[in-house]
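Below is one structure, written out as structure tokens; the observations come after it.
The values are calculated or read from the model by the stated rules, or taken from the named source; none is laboratory data. Only a predicted model underlies this, so the values are computations on that prediction, with no experimental measurement involved. Ideal geometry is used to build each Cβ from the backbone, glycine not excepted, and the neighbour counts take in all protein chains shown.
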Amino acid sequence: MNYLNKGVENSRAGDVYTSEEISRQPLVWQQTYLKLLDGGKELTSFINNVLSIDQLHIVLTGAGSSAYIGEVLQGIFQKNCDILSRAVSTTDIVSHPQLYLQKRIPLLLISFARSGDSPESLAAVELADEICDQVYHLIITCSREGKLAQAKTGDEKSLIFTLPESANDKGLAMTSSFTSMLLAGVLMSRLSELPSLKPQVDILTEYAENVLENYAEKLKKISKMDFDRVVFLGSGSQLGAARESQLKVQELTSGKVLCKHDSFLGFRHGPKVVLTSDTLIVYLFSNKTNPNKYELDLVRQIESNDQFKFSVGVTEWKGEIYNVDLDIILSVANLEALNEDFMPVVIVLPAQVIGYYKSIELTLNPDQPSSNGAISRVVKGVKIYK
């Protein structure tokens with residue numbers, strides 16, 4: 001079901017890919033889980049063997065939205081695998097490999113890529129092979145035909161996991177491809193639990209359907225407001241979700257709406273100066289009690305003392321009362337049920353919906369909002385130097 005194209009009058013938008021790709025995410029998540037489950041022995045054997053290597057480090061990499069998957073997952077992998085893990089974008093690895101790749105330390109390089117055709121994706125893998133004495137590759141991609149996957153097919157030190165075809169977005173902005181690769185990463189960090197994690201995927205599906213069915217029209221109305229900047233705030237792994245959210249709105253509006261992200265605690269330390277009467281604020285709340293206390297303190301301060309256009313709170317359940325203009329409550333049962341690791345997968349949906357409708361409001365085509373070609377589905381113009 002396409003939740004977003006109801007009542008869209010802009011003929012330039014038409015029956016766009018992007019609306020369908022946002023709407024089908026609950027289904028793609030279920031397909032992703034089942035494909036991981038079917039991966040069975042080969043996937044489990046490869047990951048378990050690599051994770052058992054003494055002094056192993058994990059680097060999660062990608063470019064753009066794919067890099068932000070790594071930002072979300074770095075703490076999750078470190079916590080669940082008990083192995084030092086960090087996110088480093090392919091763009092950073094390519095320009096300064098000596099800062100991130102260490103010759104004598106065993107490395108698992110986890111690469112995320114929608115197409116796998118970005119020049120930096122392949123170059124980062126090649127640099128790791130060149131510099132590191134012992135390196136293994138886990139490639140999570142939406143395209144088996146991409147250059148990245150093809151380069152490592154048949155390599156005994158590499159494993160390629162290709163998501164279901166439905167995750168390979170055709171629109172410019174990554175939506176279902178981002179959340180589905182992110183979900184695959186979360187599940188891989190807990191591979192020993194995989195058969196028992198089906199209820200968590202079902203809850204994700206339920207929450208996403210709730211957002212799309214019950215809040216899309218409200219977010220559409222917000223997109224019609226006259227704001228020129230959006231601030232997304234998140235804590236822990238949801239800081240990466242906040243970064244992806246700001247990129248999504250900025251991409252889909254071709255930069256006509258400028259966006260910023262930060263942590264709740266970090267926002268006070270200077271960045272709060274960006275707030276104006278034309279700012280939309282989106283709070284991505286944790287579903288854990290302790291970080292939520294810090295988050296609510298900032299909300300009270302902002303709502304009482306600062307200028308802004310409108311505020312949105314995205315939360316799993318309606319806990320302590322706070323004063324925002326729109327509450328998006330994920331849980332229809334109003335209970336804390338989703339493990340914290342999975343929250344970033346669903347909490348980016350409001351930004352996707354706002355970006356989609358704001359794109360149409362600005363008479364852009366959400367599939368290709370960059371009319372001057374400043375950005376494209378696969379980056380162009382990058383020359384790789386040896």
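Can you tell me which residue within region 126-139, out of those that are among the β-branched types (Val, Ile, Thr) and surrounded by fewer than 24 Cβ atoms within 10 Å (Cβ to Cβ), is farthest from Ser66 (Cα to Cα)?
Ile131
Can you tell which of Ser115, Ser111, Ser85, Ser143 is assigned by TED's automatic domain parsing to the domain that holds Met181 and within 15 Å of the chain's Cα centre (by Cα)? So that I can check it myself, show each step before the final result.
Numbers: Ser115 fails: within 15 Å of the chain's Cα centre (by Cα); Ser85 fails: within 15 Å of the chain's Cα centre (by Cα); Ser143 fails: within 15 Å of the chain's Cα centre (by Cα).
Result: Ser111 is the single residue among Ser115, Ser111, Ser85, Ser143 that is assigned by TED's automatic domain parsing to the domain that holds Met181 and within 15 Å of the chain's Cα centre (by Cα).
Inside region 215-231, can you point out the residues that are surrounded by 13 or more Cβ atoms within 10 Å (Cβ to Cβ) and without any contact (Cβ under 8 Å) to a residue 40 or more places away in the chain?
Glu217, the sole residue that qualifies.
Please name all residue pairs, on different chains or six or more residues apart, with Cβ atoms under 7 Å, provided the first residue is in region 44-59 and is assigned by TED's automatic domain parsing to the domain that holds Gly70 and the second residue is surrounded by 11 or more Cβ atoms within 10 Å (Cβ to Cβ) and at pLDDT below 95.
Sorted first by the residue in region 44-59, then by its partner, the pairs are Thr44/Leu191; Ile47/Leu191.
Six or more apart or on different chains, Cβ under 9 Å: which pairs go from a residue in region 118-132 that's assigned to a loop (DSSP other than H, G, I, E, B) to one that's among the β-branched types (Val, Ile, Thr)? Could you list them?
Here the result reads Ser118/Thr90; Ser118/Val378; Ser118/Val379; Ser118/Val382; Cys132/Ile105, each pair linking region 118-132 to a residue that is among the β-branched types (Val, Ile, Thr).
Go over the candidates Leu247, Leu239, Leu172 one by one and state the one that is in contact (Cβ under 8 Å) with a residue 40 or more places away in the chain, outside the structural domain of Ala113 (by TED's automatic domain parsing) and farther than 26 Å from Ile83 by Cβ.
When all the criteria are applied, what remains is Leu247.
Table: residues versus (1) in contact with a His (Cβ under 9 Å, 6 or more places away or on another chain); (2) of a type in the set (A, V, I, L, M).
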site: Gln150; (1), (2): no, no
site: Thr153; (1), (2): no, no
site: Ile160; (1), (2): yes, yes
site: Pro164; (1), (2): no, no
site: Phe178; (1), (2): no, no
site: Ala184; (1), (2): no, yes
site: Pro195; (1), (2): no, no
site: Gln200; (1), (2): no, no
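Quick one: Ser177 ticks every box in (1) in a helix (DSSP H, G or I); (2) farther than 14 Å from Gln31 by Cα except a single one, so which number is it?
Going through (1) in a helix (DSSP H, G or I); (2) farther than 14 Å from Gln31 by Cα one by one, Ser177 breaks only (2).
I'm trying to understand the selection: among the residues of region 59-87, which are of a type in the set (A, V, I, L, M) and either more than 22 Å from Ser177 (Cβ to Cβ) or surrounded by fewer than 22 Cβ atoms within 10 Å (Cβ to Cβ) (or both)? Walk me through it before giving the result.
The first filter runs over region 59-87 and keeps only residues of a type in the set (A, V, I, L, M), leaving 59-60, 63, 67, 69, 72-73, 76, 83-84, 87.
Within region 59-87, Ile83, Leu84 meet the criteria.
Out of Gly234, Gly185, Gly240, which single residue is under 16 Å from the mean Cα position of the chain (by Cα), within 16 Å of Gln30 (Cα to Cα) and buried (at least 22 other Cβ atoms within 10 Å of the Cβ)?
Gly185
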